[in-house]
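*Asks:* Here it is, the structure, as structure tokens.
The values are calculated or read from the model by the stated rules, or taken from the named source; none is laboratory data. Everything quoted here is computed from the prediction, not taken from an experiment. Note: ideal-geometry Cβ built from the backbone for every residue, glycine included; neighbour counts use all protein chains shown. Note: areas computed on protein heavy atoms with side chains; ligands, DNA, RNA excluded. Shrake-Rupley method; radii C 1.70, N 1.55, O 1.52, S 1.80 Å.
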Amino acid sequence: YTCIRVIDRYWLTDGGVPETIATWHGHMDADLAAWKGAQIAAYYGNALLVVESNFLEGRATEREDNHFVTVLDEIKDHYENIYARTDPQRIVEGAPVRYGFHTNRATKTAMVDYNIKTYREGGYVERDERAMDEADTYEKKTNGSYGAVEGCHDDIHMATTIGLYVADSLPMPVEIKERAKPSSSTKKRVATESTF
């Protein structure tokens, strides 16, 4: 399964907590799912698009055609607000931009610890029963790894966990004042859902 979640951080400005406000869940090739994520992010006010890069990177090593590796590089030409894990200072120094959130042993442990605290303290609003069911069946395995109980899924849970973990690292949201409209000669092309 592929899961795309939308997390609204607006209520943080009033002392509240983030809320999950939309979920897309279904079967789709990884490259098309990344484009679907860009469509949904564009629809929700050009939201930050956070893609878990593991699947894209893992699939590329299994195939001779590395289209999956370059999909986020293609999307950035149409949608600019994509999460990059490369330190901004290193980018200024010339390091390549590495798009997507990479889940590994260190980040997964940090996310699980953050998630436990978030659930315990009511740190976000959840409206999707499937997400809560998946959270209830997420466990630490005997080998030390984390995942869903045998026969269960964790796609929605992981999308939520990554989204909340990244959202917590972002600066507080601010209201964006409407800008004067540019003249037709300087108007920048804006990507919309139909553009993708």
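*Asks:* On the given criteria, is Thr109 surrounded by 15 or more Cβ atoms within 10 Å (Cβ to Cβ), within 29 Å of Trp11 (Cα to Cα) and at pLDDT 85 or above? Show your work before the answer.
*Replies:* Values: surrounded by 15 or more Cβ atoms within 10 Å (Cβ to Cβ): no; within 29 Å of Trp11 (Cα to Cα): yes; at pLDDT 85 or above: yes.
Judged against the criteria, Thr109 is not a match.
*Asks:* Being at pLDDT 95 or above, closer than 19 Å to Pro173 by Cα and not charged (D, E, K, R): is that true of Thr20 here? Spell out how you get there, then give the answer.
*Replies:* Details: at pLDDT 95 or above: yes; closer than 19 Å to Pro173 by Cα: yes; not charged (D, E, K, R): yes.
Here the answer is yes, as Thr20 does meet what is asked.
*Asks:* Looking at the stretch 117-175, which of its residues are closer than 18 Å to Asp8 by Cβ, open to solvent by less than 50 Å² (accessible area, probe 1.4 Å) and either aromatic (Phe, Trp, Tyr) or part of a loop (DSSP other than H, G, I, E, B) (or both)?
*Replies:* Answer for the stretch 117-175, where residues must be closer than 18 Å to Asp8 by Cβ, open to solvent by less than 50 Å² (accessible area, probe 1.4 Å) and either aromatic (Phe, Trp, Tyr) or part of a loop (DSSP other than H, G, I, E, B) (or both): Gly122, Gly123, Tyr124, Glu126, Asp128, Pro173.
*Asks:* If you don't mind, another one. Which ones in the stretch 109-134 are among the aliphatic types (A, V, I, L, M) and free of Cβ contacts under 8 Å to residues at least 24 places away in the same chain?
*Replies:* Applying the first criterion (among the aliphatic types (A, V, I, L, M)) to the stretch 109-134 yields 110-112, 116, 125, 131-132.
Once the filter is applied, which keeps residues that are among the aliphatic types (A, V, I, L, M) and free of Cβ contacts under 8 Å to residues at least 24 places away in the same chain, the stretch 109-134 yields Ile116, Met132.
*Asks:* For the stretch 1-48, enumerate the residues that are in contact with a Lys or Arg (Cβ under 8 Å, 6 or more places away or on another chain), in a loop (DSSP other than H, G, I, E, B) and open to solvent by 30 Å² or more (accessible area, probe 1.4 Å).
*Replies:* Matches in the stretch 1-48: Met28 only.
*Asks:* A further question on this structure: Counting only residues that are modelled with pLDDT under 85 and either of a type in the set (Gly, Ala, Ser) or in a loop (DSSP other than H, G, I, E, B) (or both), how many does the stretch 81-99 have?
*Replies:* First, the residues of the stretch 81-99 that are modelled with pLDDT under 85: 85-99.
Retained after the next criterion (residues that are either of a type in the set (Gly, Ala, Ser) or in a loop (DSSP other than H, G, I, E, B) (or both)): 85-87, 93-98.
Here the count works out to 9.
*Asks:* Further question: Would you mention how many residues in the stretch 55-80 are open to solvent by less than 60 Å² (accessible area, probe 1.4 Å) and modelled with pLDDT of 75 or more?
*Replies:* The qualifying residues number 4.
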